[in-house]
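Q: Can you keep this structure in mind? I'll have questions shortly.
The values are calculated or read from the model by the stated rules, or taken from the named source; none is laboratory data. Source: prediction; values computed, not measured. Because the Cβ atoms are built from the backbone with ideal geometry, glycine has one as well, and the counts that use them run over all protein chains shown. Surface areas here come from the heavy atoms of the whole protein model, side chains and all, with no ligands, DNA or RNA. Shrake-Rupley method; radii C 1.70, N 1.55, O 1.52, S 1.80 Å.
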Amino acid sequence: MVPQIRISVRSLVEFIERSGDIDNRRKASGGPEVMLEGANIHRSIQRRMGRDYHAEVYLSCTIERPDYRILIDGRADGIIIPEAVDEDAFFLSKDAQDQTAFLDLADTDGSGAYPIPAAGISDEWEPECDLSGKVIIDEIKTTYRDLDRMNRPVKEHLAQARCYAYIVANAAHLSEIGVRMTYCNTETRELRYFDSLYTYDEISAWFKDLVRAYIRFADFETGWKKIRNMSIDAMEFPYAYRSGQKELMGRVYSSIVKGERLFVMAPTGVGKTLANVYPTLKALANDKSDKIFYLTAKTVTRTVAEDCLNTLRPLLRLKSVTITAKEKICPLEKCDCNPDACPYAKGHYDRINDAMYDLLTGSDAFTRDSILEYAQKHTVCPFEFSLDMSLFSDMIICDYNYVFDPNVYLRRFFSETASGRFMFLIDEAHNLTERAMKMYSADLVKEDFLDMKRLVKDTDARLARALSACNTHLLSLKRECDGVRLTDGLDTLITLLLRLNARIEQFLDDHEHFAHSDELLEFYFGVRHFLNIYENMEPSDYVIYTRLEDSGDFSVHLMCANPAKRVRACTDRAVFTVFFSATLLPIEYYRKMLGASQSDPAVYAKSVFDPAKRALFVARDVTSRYKRRSDSEYDKMAAYISAVVSAKPGNYMIFFPSFAMLDNVYEIYMNRYCDISHQDVVTQTSSMSEAQRDDFLARFTGSASDRIEDGAAKDTLIGFCVLGGIFSEGIDLKNDALIGAVIIGTGLPMVCIERDLLKRCYEEMGLDGFAYAYRYPGMNKVLQAAGRVIRTEEDKGVVALLDERFLGRDYLRLFPREWKDYDICRVDDISEGLEEFWQDT
């Protein structure tokens, strides 16, 4: 079978025809709600056209190369075929079949290079021409721009239409073909046309030039896949299999073949990262997929994925890219993406394709460092550079956002017009539930509308009136609200916001150098996100409410309670998805919240650890319940901590439900229990910088000799941390870096209005409201914190759960299988159990 590269007309044009600067000051277009409205306008225009008009016609062109072919395809908005033209010469179909032109491309000059000759069509726009009696390609675009100010079509839009024009002219043997760009103002529905007429020689020469510019990438991609697949076929598993690891890999591959959503709970030490990556690489080489997306919630787990690939390299040849957030990879102090502020933005699109080809042929691992190196070399934006490198990467390592977030998902892969076969590997999948709930929620604050009005009132009276209209309606909602008020719908507000959205679009287009463009753009994105969420939400999965703060601030909220449908819609884009984590308990909670069907399997991987190397103590005489919080209870917690850390010198972490409790217990511990001659105590603070976090962790990975005070090394390090915080998951402290964890409380989220509203919503769904809103999210924090202790088969350590509620049935059934053996203790007898454990091990 001849290998084939498929690329849409739109993707081809956007890739090759782009030029000029990155400029966020004038690019405020195109949210999903705008796309939906645009689609409706398209259909309205198409319905008004006469019988000569053929709408949504699938067109394709095949370019034959020596050892592969390129399929370029897309849907023309419309083709106008006059009565005088024989329609039998056309194969007009809305289905992807037989509507194909073949291109004979003489692409090289004998040197192996791909020259780009002078285009057959000038980029200079010429006056409108007469298309009477001609076959016409109609390309419809919606815009908020004032059409009277448009003096030419957008370059990329016209290029799309020209591609369709070539395909039709070539297939139907036309000597001439017309192109009509139809622009429609979204608000006024006013139309403006830009017509052009091309001879076959002109349109053919232009199209060949376009394809030649793409061929160097296509040739490389085809050759690379052969190299990649050969390396994967020859690749062997790099280690001796751990218990159950080979069976887990077999289950993953089986699910890939079946196209399933697989849930994998794999205790730490199973080698779950490699157990998921290895079979997906094998599937990639066996043509089960085009790309692998390794999705993570935190930067540290992205590093784990990179390390996994490095373990398989250099025998493995794989192009991988790690996408780093714009704020973290921008070389400037402030991300100001316009040519006046950033030299990397100025002329970025003129240089980006050469930068891509340079990196593509120079490295396999497109890491943060290599992206920065080549971005500096070619003076291009490193963030946009990394996104573009994903086009030619076999594995994309990135945050959940780039697949699931409605605002920042990678449209180049997941838009309605994009195509591809993807595999999603979702690491630390327990994080996706809460993250998805936030992604699919939205809110608006009334006071922001007044702030924006003050900024624009002297510049644009119409925009100021639109802001005022929204504020007036919000004021009426505010008068009806006494604290928190549930509401069934916001139709009036949505109508006003749609009008405001159009005004802001026009304003940003007209006022490129507005002094407060950053503030207005941020506000605009918030409005657009709110409209998007409202348009796509399932009311039964949401809590819609207004809230009046004591300060007088008023807000409107669309709070997602169950993101399952939205998550499932995203995973529908993949041929296979695996959700894996060490803490997917209870599994039905995660299946319910992450969009699993009844047929989607779940696997509980066998733990490789010797249970005798971990002691689990559950206290029966202490609690973090709010009504029991007192100095005497805090003193008992401090006594427990003292007993645990005194049993054996080493490194310990103590996890608290809040910074307030941490401070209270810390003070008592330091005054009454701390052996300052042997113990070094460090605390997490609420405002730690990244450098401070690194220093905190470095103390655990260093040796005791690094902790010297008054000439003596301290043999015990105690870290006071917050449960659910940056040190309670995602860190890998192996061997003696951590030998014990004390977890205070059950991790319940703070009781608040939002959580109570969620509880009520879950109960209306027929679920256990308290469990879904509080217990399950809390217990996951506990499991994650406990998982910091045992990281390798050689590790041994202690976990102490300090809350009597853990002994209740509702919590015991959430204990993982590895916790079946636990000791119930009191503060006055835990020392005996600790002494016995450490002596035995």
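Q: Report, ordered by the first and then the second residue, all pairs with beta carbons closer than 7 Å, sequence separation of six or more or different chains, a first member in segment 371-389 that is within 14 Å of Lys326 (Cα to Cα) and touching a residue at least 40 places away in the same chain (Cβ under 8 Å), and a second member that is in a helix (DSSP H, G or I) and of a type in the set (S, T, N, Q).
A: If the second residue must be in a helix (DSSP H, G or I) and of a type in the set (S, T, N, Q), the pairs left are Ile371/Ser386.
Q: For segment 821-841, how many residues meet the condition of being modelled with pLDDT of 95 or more and polar (S, T, N, Q)?
A: Within segment 821-841, residues that are modelled with pLDDT of 95 or more and polar (S, T, N, Q) number 1.
Q: Taking Lys334, is it surrounded by fewer than 16 Cβ atoms within 10 Å (Cβ to Cβ), in a helix (DSSP H, G or I), modelled with pLDDT under 95 and not hydrophobic (A, V, I, L, M, F, W, C)? Let's see the steps before the verdict.
A: Values: surrounded by fewer than 16 Cβ atoms within 10 Å (Cβ to Cβ): yes; in a helix (DSSP H, G or I): no; modelled with pLDDT under 95: yes; not hydrophobic (A, V, I, L, M, F, W, C): yes.
Criteria not met by Lys334.
Q: So, one more: Residue check: is Asp340 surrounded by fewer than 21 Cβ atoms within 10 Å (Cβ to Cβ) and either touching a strand residue (DSSP E or B) at 6+ places or on another chain (Cβ under 8 Å) or assigned to a loop (DSSP other than H, G, I, E, B) (or both)?
A: It is true that Asp340 is surrounded by fewer than 21 Cβ atoms within 10 Å (Cβ to Cβ) and either touching a strand residue (DSSP E or B) at 6+ places or on another chain (Cβ under 8 Å) or assigned to a loop (DSSP other than H, G, I, E, B) (or both).
Q: Report, by residue number, each residue of segment 597-615 that is out of contact with any Lys or Arg (no Cβ under 6 Å at 6 or more places or on another chain) and either part of a loop (DSSP other than H, G, I, E, B) or buried (at least 20 other Cβ atoms within 10 Å of the Cβ) (or both).
A: Correct list: Ser597, Gln598, Ser599, Pro601, Ala605, Lys606, Ser607, Phe609, Asp610, Arg614, Ala615.
Matching residues to (1) among the β-branched types (Val, Ile, Thr); (2) farther than 24 Å from Ala466 by Cα; (3) open to solvent by 40 Å² or more (accessible area, probe 1.4 Å); (4) not in a helix (DSSP H, G or I):
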position	(1), (2), (3), (4)
Leu497	no, no, no, no
Glu505	no, no, no, no
Val527	yes, no, no, no
Leu531	no, no, no, no
Ile544	yes, no, no, yes
Ser551	no, yes, yes, yes
Leu585	no, yes, no, yes
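Q: Can you name the number of the only condition in (1) within 23 Å of the chain's Cα centre (by Cα); (2) at pLDDT below 95 that Ile323 fails?
A: (2)
Q: Collect the residues in segment 165-196 that are in a helix (DSSP H, G or I), open to solvent by 10 Å² or more (accessible area, probe 1.4 Å) and not hydrophobic (A, V, I, L, M, F, W, C), keeping them in residue-number order.
A: Within segment 165-196, just Asn170 meets the criteria.
Q: Tell me which residues, restricted to segment 553-583, are open to solvent by 30 Å² or more (accessible area, probe 1.4 Å) and either farther than 20 Å from His473 by Cα or not acidic (Asp, Glu) (or both). Before you say what the answer is, go through the steps one by one.
A: Within segment 553-583, the first condition is being open to solvent by 30 Å² or more (accessible area, probe 1.4 Å), and the residues that meet it are 553, 557, 565-566, 568-569, 572-573, 575.
Of everything in segment 553-583, those that are open to solvent by 30 Å² or more (accessible area, probe 1.4 Å) and either farther than 20 Å from His473 by Cα or not acidic (Asp, Glu) (or both) turn out to be His557, Lys565, Arg566, Arg568, Ala569, Asp572, Arg573, Val575.
Q: Is segment 679-691 home to any residue that is out of contact with any strand residue (DSSP E or B) (no Cβ under 7 Å at 6 or more places or on another chain), part of a helix (DSSP H, G or I) and open to solvent by 40 Å² or more (accessible area, probe 1.4 Å)?
A: Of the residues in segment 679-691, the ones out of contact with any strand residue (DSSP E or B) (no Cβ under 7 Å at 6 or more places or on another chain) are 685-691.
Retained after the next criterion (residues that are part of a helix (DSSP H, G or I)): 690-691.
Going one step further and asking which of them are open to solvent by 40 Å² or more (accessible area, probe 1.4 Å), we end up with 690-691.
So far as segment 679-691 goes, yes, one or more of its residues are out of contact with any strand residue (DSSP E or B) (no Cβ under 7 Å at 6 or more places or on another chain), part of a helix (DSSP H, G or I) and open to solvent by 40 Å² or more (accessible area, probe 1.4 Å).
Q: Can I ask one more? Does Ile718 satisfy the criteria of being under 41 Å from the mean Cα position of the chain (by Cα), modelled with pLDDT of 95 or more and either in a strand (DSSP E or B) or of a type in the set (Asp, Glu) (or both)?
A: Judged against the criteria, Ile718 is a match.
Q: Only one of these conditions is not met by Leu783: (1) over 34 Å from the mean Cα position of the chain (by Cα); (2) assigned to a helix (DSSP H, G or I). Which number is it?
A: (1)
Q: Now for a separate question. Search segment 456-476 for residues that are within 18 Å of Ala515 (Cα to Cα) and assigned to a loop (DSSP other than H, G, I, E, B) and pair each with any residue that is open to solvent by less than 20 Å² (accessible area, probe 1.4 Å) and aliphatic (A, V, I, L, M) when their beta-carbon atoms are under 7 Å apart and the residues are at least 6 apart or on different chains.
A: That search, which allows pairs on different chains as well, returns Lys457/Ala464.
Q: Hey, could you check segment 197-246 for residues that are among the acidic types (Asp, Glu) and within 30 Å of Asp364 (Cα to Cα) and say which is most open to solvent (accessible area, probe 1.4 Å)?
A: Filtering segment 197-246 for residues that are among the acidic types (Asp, Glu) and within 30 Å of Asp364 (Cα to Cα), the one most open to solvent (accessible area, probe 1.4 Å) comes out as Glu236.
Q: In addition: Identify, from the list Glu64, Glu128, the residue that is open to solvent by 20 Å² or more (accessible area, probe 1.4 Å) and at pLDDT below 90.
A: Of Glu64, Glu128, the one residue that is open to solvent by 20 Å² or more (accessible area, probe 1.4 Å) and at pLDDT below 90 is Glu128.
Q: Could you check how many residues of segment 766-779 are open to solvent by 10 Å² or more (accessible area, probe 1.4 Å) and either of a type outside the set (A, V, I, L, M) or on the phi > 0 side of the Ramachandran plot (or both)? Let's see the steps before the verdict.
A: Pass one, segment 766-779, residues open to solvent by 10 Å² or more (accessible area, probe 1.4 Å): 766-768, 770, 772, 775-777.
Right, trim to either of a type outside the set (A, V, I, L, M) or on the phi > 0 side of the Ramachandran plot (or both) and you get 766, 768, 770, 772, 775-777.
Qualifying residue count, segment 766-779: 7.
Q: So Phe263 ticks every box in (1) in contact (Cβ under 8 Å) with a residue 60 or more places away in the chain; (2) open to solvent by less than 10 Å² (accessible area, probe 1.4 Å); (3) touching a strand residue (DSSP E or B) at 6+ places or on another chain (Cβ under 7 Å); (4) closer than 22 Å to Glu14 by Cα but one. Which box is left unticked?
A: Unmet for Phe263, out of (1) in contact (Cβ under 8 Å) with a residue 60 or more places away in the chain; (2) open to solvent by less than 10 Å² (accessible area, probe 1.4 Å); (3) touching a strand residue (DSSP E or B) at 6+ places or on another chain (Cβ under 7 Å); (4) closer than 22 Å to Glu14 by Cα: (4).
Q: Take the residues in segment 22-61 that are among the polar types (S, T, N, Q), over 24 Å from the mean Cα position of the chain (by Cα) and open to solvent by 30 Å² or more (accessible area, probe 1.4 Å), then tell me which one is modelled with the highest pLDDT. Full working, then the answer.
A: Keep residues of segment 22-61 that are among the polar types (S, T, N, Q), which gives 24, 29, 40, 44, 46, 60.
From what is left, the residues that are over 24 Å from the mean Cα position of the chain (by Cα) are 40, 44, 46, 60.
Adding the requirement that they be open to solvent by 30 Å² or more (accessible area, probe 1.4 Å) leaves 40, 44.
Numbers: Asn40: 73, Ser44: 78.
Within segment 22-61, the match that is modelled with the highest pLDDT is Ser44.
Q: Further, regarding this structure: Go through (1) more than 30 Å from Arg566 (Cα to Cα); (2) open to solvent by 40 Å² or more (accessible area, probe 1.4 Å); (3) in contact (Cβ under 8 Å) with a residue 60 or more places away in the chain; (4) in a helix (DSSP H, G or I) one by one and return the number of the condition Asp482 breaks.
A: Among (1) more than 30 Å from Arg566 (Cα to Cα); (2) open to solvent by 40 Å² or more (accessible area, probe 1.4 Å); (3) in contact (Cβ under 8 Å) with a residue 60 or more places away in the chain; (4) in a helix (DSSP H, G or I), the lone unmet condition for Asp482 is (4).
Q: Further, regarding this structure: Could you say which residue among Glu818, Glu793, Glu763, Glu754 is of a type in the set (Asp, Glu), open to solvent by 50 Å² or more (accessible area, probe 1.4 Å) and either modelled with pLDDT of 95 or more or part of a helix (DSSP H, G or I) (or both)?
A: Among Glu818, Glu793, Glu763, Glu754, only Glu763 is of a type in the set (Asp, Glu), open to solvent by 50 Å² or more (accessible area, probe 1.4 Å) and either modelled with pLDDT of 95 or more or part of a helix (DSSP H, G or I) (or both).
Q: Further question on the same structure: Can you tell me which condition Ile676 does not meet? The list is (1) under 30 Å from Gln839 (Cβ atoms); (2) part of a loop (DSSP other than H, G, I, E, B); (3) open to solvent by less than 80 Å² (accessible area, probe 1.4 Å), and all the others hold.
A: Here Ile676 meets the rest and fails (3).
Q: Same structure, new question: With the checklist (1) farther than 30 Å from Ser441 by Cα; (2) surrounded by fewer than 18 Cβ atoms within 10 Å (Cβ to Cβ) in hand, flag the one item Asp810 doesn't pass.
A: Every condition holds for Asp810 apart from (1).
Q: Of the conditions (1) touching an Asp or Glu at 6+ places or on another chain (Cβ under 9 Å); (2) surrounded by fewer than 18 Cβ atoms within 10 Å (Cβ to Cβ); (3) hydrophobic (A, V, I, L, M, F, W, C), Val827 fails just one. Which one is it?
A: Here Val827 meets the rest and fails (2).
Q: What number of residues within segment 379-395 are open to solvent by 40 Å² or more (accessible area, probe 1.4 Å) and assigned to a helix (DSSP H, G or I)?
A: Final tally of qualifying residues: 2.
Q: Right, another one. Show the residue pairs meeting these rules: Cβ distance below 8 Å; 6+ apart or different chains; first residue within segment 507-522 and modelled with pLDDT of 85 or more and part of a helix (DSSP H, G or I); second residue open to solvent by less than 70 Å² (accessible area, probe 1.4 Å) and of a type in the set (Gly, Ala, Ser).
A: Going by the 8 Å Cβ cut-off, the qualifying pairs are Leu508/Ala28; Leu508/Ser517; Leu521/Ala28.
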